[in-house]
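Reading through the structure tokens given below for one structure.
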Amino acid sequence: VRTDRGQAEALDLADPLSAYRERFVRPDPQLIYLDGNSLGRLPIDTGRRLAEAVDEQWGRGLIRSWEAWIELSQAIGDEIAAGIVQADPGEIVLSDSTTVNLYKLAAAALDARPGRRVLLTDDDNFPTDSYVFQGLVQARGLELRVIETDLDVGLSTDAVRAALDQDVALASFSHVAYRSGAVADLHGVTAAVHDVGALVLWDLSHSAGSVHVPLRSSGADLAVGCTYKYLCGGPGAPAYLYVRRELQDTLRQPIWGWFGQRDQFAMDGRYDAAPGIGSFLVGTPPVLSMIGVQEGVRVVAEAGLDAVRAKGMALTSYLVDLADAWLVPLGFRLASPRDPRRRGAHVTLHHPDAWRICRALVERYDVVPDFRTPDRLRLGPAPLTTSYADVWDGLDRLRRLVEAGAHEAYPPQRTRVT
Ligand SMILES: Cc1ncc(COP(=O)(O)O)c(C=O)c1O
């Protein structure tokens with residue numbers, strides 16, 4: 001393995017996606033940003049589109065602009081289906097937050113399997129998913145069955161199969177684990193859940209825009225995901241939800257609002273669910289944020305998922321090679337799958353002092369990763385916006401920091417946001 005910077009520069013020269021870095025705002029050339037898996041960078045086109053939407057559509061057009069805005073949730077959902085995940089038009093809409101969509105879809109799925117008492121998930125799922133499920137089972141007197149998952153290895157299809165029985169109404173997991181980046185077996189798990197007659201709900205927050213998401217070929221029933229990570233939609237941008245076409249008219253989500261009403265402006269007093277995916281909408285969406293999502297989705301779709309996935313595997317493999325050479329001797333351990341096909345686009349390293357190292361990296365070395373409990377440093381070199389040289393520089397600064405003991409000056413107390 002070559003660890004000289006020249007190797008990184010050669011890889012950048014051969015990178016078919018290298019030009020995409022210039023499509024994003026980079027005001028600070030010193031900064032090594034390794035947190036694109038938490039908040040994606042700002043596409044240059046987004047600033048322009050938002051300025052136009054504010055000045056022309058809102059400022060000049062005022063209420064008349066709703067003609068252009070009213071179908072945006074579906075239109076952007078279709079763009080996600082066409083360019084980001086494997087789904088058909090009319091199966092995805094932009095709506096609410098990931099958390100609220102989890103509630104809507106999980107509640108609809110539980111209602112669709114009356115008499116079954118169990119919601120199945122695992123203990124490595126993202127906390128908000130688990131909280132929503134705890135609330136749902138408590139309100140309905142059901143049971144939350146929780147599989148144990150190895151934090152570094154990811155969801156085991158065998159463990160899922162062993163936990164399934166005729167009592168399970170719904171099983172829900174993350175496609176790419178937020179901590180380790182492990183990729184779950186979307187096909188195998190979906191098939192196992194279907195074998196017992198249950199429905200499956202996937203959280204795609206860390207996978208859409210970083211790995212292939214074969215919703216159609218796996219037969220997955222339901223999915224949700226956020227747009228502010230690899231889709232570069234911006235902070236707090238609305239999430240999306242997916243409902244397999246055959247289920248759309250039998251599942252009924254619990255929050256009945258006028259954006260889910262069949263003839264919204266008839267102002268009829270009685271709720272009558274819109275046909276298709278429209279019934280999964282609720283209330284007025286955040287239009288400006290949706291426009292941010294549309295631009296982010298367009299940049300990723302233009303680059304193409306095949307190229308994005310190929311670079312994600314190559315870039316994280318390069319990162320793992322450098323970590324093996326430089327960081328393992330300093331007390332780090334790989335806390336992600338070693339096989340790039342089993343790993344999303346981020347890599348996690350275990351170190352007992354991960355929190356203080358993370359602080360020192362951000363504050364003294366101009367490298368931005370993030371920290372995840374209990375003792376992990378998460379490095380997200382988003383494929384569209386990160387170069388091989390960025391990875392080299394980031395890891396070089398990290399090794400120099402730890403060699404110098406620079407983290408020892410930082411207090412162990414965590415900040416409000418990690
Ligand atoms: C897997 C996963 N689900 C959900 C969320 C957050 O949900 P929300 O957008 O509702 O805050 C995150 C945020 O990082 C996530 O990683």
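Rule-based calculations on the coordinates, nothing more; no lab input. Quick caveat, the model's predicted, so the values are computed rather than measured. Counting neighbours? That spans all protein chains shown, and the Cβs are built from the backbone with ideal geometry, glycine included.
How much net charge surrounds Val224 when only other residues with a Cβ under 15 Å from its Cβ are counted (Lys, Arg +1; Asp, Glu -1)? Can you show the working numbers first?
Values: positive: Lys104, Lys229, Arg244; negative: Glu91, Asp96, Asp129, Asp203, Asp221.
With Lys, Arg at +1 and Asp, Glu at -1, the neighbours total -2.
Rounding to the nearest 10 and keeping the result within 0 to 90°, find how far the Cα-based axis of helix 98-111 lies from the longest principal axis of the chain.
40 degrees
Evaluate Rg over Rh across segment 261-380, taking Cα atoms for both radii and Kirkwood's formula for Rh. Before the final figure, lay out each step's value.
Numbers: Rg = 22.0 Å, Rh = 18.2 Å.
Here Rg/Rh amounts to 1.21.
Roughly how far apart, in whole Å, are the Cα centres of segment 249-303 and segment 345-418?
That distance is 39 Å.
Which shape class applies to segment 128-174: rounded if a/c is under 1.5, otherwise prolate when a/b exceeds b/c and oblate if not, where a ≥ b ≥ c are the square roots of the Cα gyration tensor eigenvalues?
Details: a/c = 2.86, a/b = 1.42, b/c = 2.02.
Cα axes put segment 128-174 in the oblate bin.
Scale the Cα Rg of segment 241-304 by the rule-of-thumb value 2.2 N^0.38 Å and send over the ratio, two decimals. Write down the numbers at each step before the final one.
On the way: Rg = 14.6 Å, N = 64, 2.2 N^0.38 = 10.7 Å.
With N residues counted in segment 241-304, Rg over 2.2 N^0.38 Å equals 1.36.
Stretch Glu302-Arg216 to full length: gain in nm at 0.36 nm per residue minus the Cα-Cα span?
Numbers: separation 86, 0.36 × 86 = 30.96 nm, distance 2.10 nm.
Extending this stretch completely gives an extra 28.9 nm.
For segment 92-236, what proportion of DSSP beta bridges, expressed in % and rounded to the nearest 5, is antiparallel?
Working: 2 of 19 bridges.
About 10 percent, rounded to the nearest 5.
Mark the label point 7 Å from the Cα of Ala159 along Cα→Cβ and return the residues of segment 109-129 whose backbone N is within less than 19 Å of it.
Only 119-129 fall inside the zone, counting backbone N under 19 Å.
Can you tell me the mean projection area, over all orientations, of the convex hull of segment 97-225's alpha carbons? Units nm², please.
Numbers: hull surface 27.2 nm².
Averaged projected hull area, Cα only: 6.8 nm².
Taking just the alpha-carbon atoms of segment 1-135, what radius of gyration and Dmax come out, in angstrom?
21.4, 63
Given axes a ≥ b ≥ c from the Cα gyration tensor, I'd like to know whether segment 34-74 is rounded (a/c under 1.5), prolate (a/b larger than b/c) or oblate. Working shown, then result.
Working: a/c = 4.19, a/b = 1.95, b/c = 2.15.
Oblate shape, in that a/c is at least 1.5 and b/c is the bigger or equal ratio.
Based only on other Cβ atoms within 10 Å, what is the fewest-to-most ordering of Cys232, Cys226?
Details: Cys232 29, Cys226 25.
With the fewest neighbours first, Cys232, Cys226 line up as Cys226, Cys232.
What length, rounded to one decimal in nm, is gained on full extension from Asp321 through to His187, with 0.36 nm per residue of separation minus their alpha-carbon distance?
Stretched out fully, the Asp321 to His187 stretch lengthens by 45.3 nm.
In degrees, nearest 10, range 0 to 90: what is the angle between the Cα axis of helix 287-303 and the longest Cα principal axis of the chain?
The angle comes out at about 60 degrees.
Shape verdict for the chain, please, from the Cα gyration tensor: rounded (a/c under 1.5), prolate (a/b greater than b/c) or oblate.
In terms of gyration-tensor shape, oblate.
What fraction of the DSSP beta bridges in the chain is antiparallel, stated in percent and rounded to the nearest 5?
On the way: 21 of 41 bridges.
Rounded to the nearest five, the antiparallel share is 50 percent.
For a footprinting-style exposure proxy, rank His175, His187, His212, His346 by other Cβ within 10 Å, fewest first. Walk me through the numbers on the way to the answer.
On the way: His175 28, His187 14, His212 17, His346 32.
Ordered from fewest to most neighbouring Cβ atoms within 10 Å, His175, His187, His212, His346 come out as His187, His212, His175, His346.
Two decimals is fine: what is log10 I(q)/I(0) at q = 0.13, 0.18 Å⁻¹ for segment 328-418, from a Debye sum with one equal scatterer on every Cα and no solvent?
-0.41, -0.80
So what is the relative contact order of segment 1-124, in percent, for Cα pairs below 8 Å that sit 6 or more residues apart?
Numbers: 47 pairs, mean separation 14.2, N = 124.
Reported relative contact order: 11 percent.
Points 7 angstrom from Cα along the Cβ direction at Arg64 and Glu363: gap in nanometres?
My value for the distance between the label points is 5.4 nm.
How much length, in nm to one decimal, is gained on full extension between Arg5 and Val25, taken as 0.36 nm per residue of separation minus their Cα-Cα distance? Before the final figure, lay out the partial values.
Numbers: separation 20, 0.36 × 20 = 7.20 nm, distance 2.44 nm.
Length difference between fully extended and current span is 4.8 nm.
Rank the residues Ile84, Ile70 as a footprinting-exposure proxy: fewest other Cβ atoms within 10 Å of their Cβ go first.
Working: Ile84 27, Ile70 15.
Result, fewest neighbours first: Ile70, Ile84.
If amide hydrogens are placed 1.01 Å from N in the peptide plane, which non-local residues have theirs closer than 5 Å to the one on Ala274?
The answer is Gln261, Arg262, Ser279.
If you line up the long axis of helix 72-83 against the longest principal axis of the chain, both from Cα atoms, how many degrees apart are they, to the nearest 10?
The helix 72-83 is inclined about 50 degrees to the chain.
Under a plain spin-label model, where a point goes 7 Å from the Cα along Cα-to-Cβ, how far apart in nm are Ile255 and Asp45?
Simple spin-label model gives 2.9 nm for this pair.
Just need the relative contact order of the chain here, percent rounded to a whole number, with Cα pairs under 8 Å and 6+ apart. Before the final figure, lay out each step's value.
Numbers: 844 pairs, mean separation 93.4, N = 418.
In percent, rounded to a whole number, it is 22.
Compute the relative contact order of segment 94-185 as a whole-number percentage, counting only Cα pairs closer than 8 Å that sit 6 or more residues apart in sequence.
Values: 130 pairs, mean separation 31.6, N = 92.
Computed over segment 94-185, the figure is 34 percent.
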